[in-house]
Amino acid sequence: MAPLNEEQLEQIRSQRKFQIMMAALKVFAENGIRLTKINMIAAEAGISHGLLYHYFKSKEEVLYESLQWAISGSGELFQEIAEMQSGPVEKIKHLVKTAFTEGNSDVFRVIHHLRRTNHDVPEHIAALIERSSKEYITFLLPLFIEGQRTGDIVQTDPQELLEMFLTVITGLMMEGDLEWWGRDIDRKIDLLMRMITAR
């Protein structure tokens, strides 16, 4: 068998790193940050903990890079939604539907663990989470305001309404039963949207 070329080796490294990050998110979500050990992540990924150290220097680095990777898709989703030729309520519905069909509940659970133990969270990880939260608010708040202007979203403090809506979405995502959401999802999202819609 011919030796692998550099492109093939890079593809294998990339796949392995993805495998480790997915495993890390699952283990951090199930055990919390403090109780998660590198060997637990390695076992979930199906590799030796020595191999894991070829990709990451520490548990903190695995956590940061896994979260950064998981959160990075938000910008692309925001761009896709911004380009939609529809009103604010339909754009919000699209975001929610994407979260429940393509999202990873482990990410929400890891962030929840980090927020509960914020005194132990490294500064760069706390900054990453804060930046991500602000990106969601920065993107969604104008949609809520526009929806209020058109009479489609209830008239109240838009920032407060958005924060309550995101809290509900986050809570539902943390439950982790995304398979349940996948069944008859449009009806379920319509019910959820009643929380913010005026009509």
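Among the GluC sites (Glu not before Pro) in region 39-136, those placed in a DSSP loop whose Cβ has at most 10 other Cβ atoms within 10 Å are 83. Per residue, the average separation of C-alpha pairs within less than 8 Å and at least 6 apart gives the chain a relative contact order of 23 percent. The fraction of Cα-Cα pairs per 10 angstrom bin, counted from 0 for the chain, comes to 8, 30, 31, 20, 9, 2, 0 percent, rounded to whole percents. Based on C-alpha pairs under 8 angstrom that are at least 6 apart in sequence, region 63-150 has a relative contact order of 43 percent.
Model label points for residue 43 and residue 30, set 7 angstrom from Cα along the Cα-to-Cβ axis, are 0.9 nm apart. For residue 134, the lysines whose Cα falls under 28 Å of its own Cα, not counting residues fewer than eight places away in the same chain, are 17, 26, 59, 91, 93, 97, 188. With contacts defined as alpha carbon pairs under 8 Å and 6 or more residues apart, what's the relative contact order of region 139-199 in percent? Relative contact order of region 139-199: 48 percent. Between the alpha-carbon centres of region 151-167 and region 47-74 there is a gap of 35 Å.
In this simple spin-label approximation, residue 86 and residue 163 carry label points 7 Å from Cα along the Cα→Cβ vector, and these lie 2.9 nm apart.
Which value in deg cm²/dmol, rounded to the nearest 500, describes the helix-derived mean residue ellipticity at 222 nm for the chain, given -39,500 (n - 2.57) per DSSP H run of n ≥ 4 and division by the residue count? Could the numbers behind the result be given before it?
Values: 11 runs with 149 residues, N = 199.
The helix-only estimate for the chain comes to -24000 deg cm²/dmol at 222 nm.
Rule-based calculations on the coordinates, nothing more; no lab input. Remember, it's a predicted structure, so these values are computed and weren't measured experimentally. Don't worry about glycine lacking a Cβ; one is built from the backbone with ideal geometry, like all the others, and counts go over all protein chains shown.
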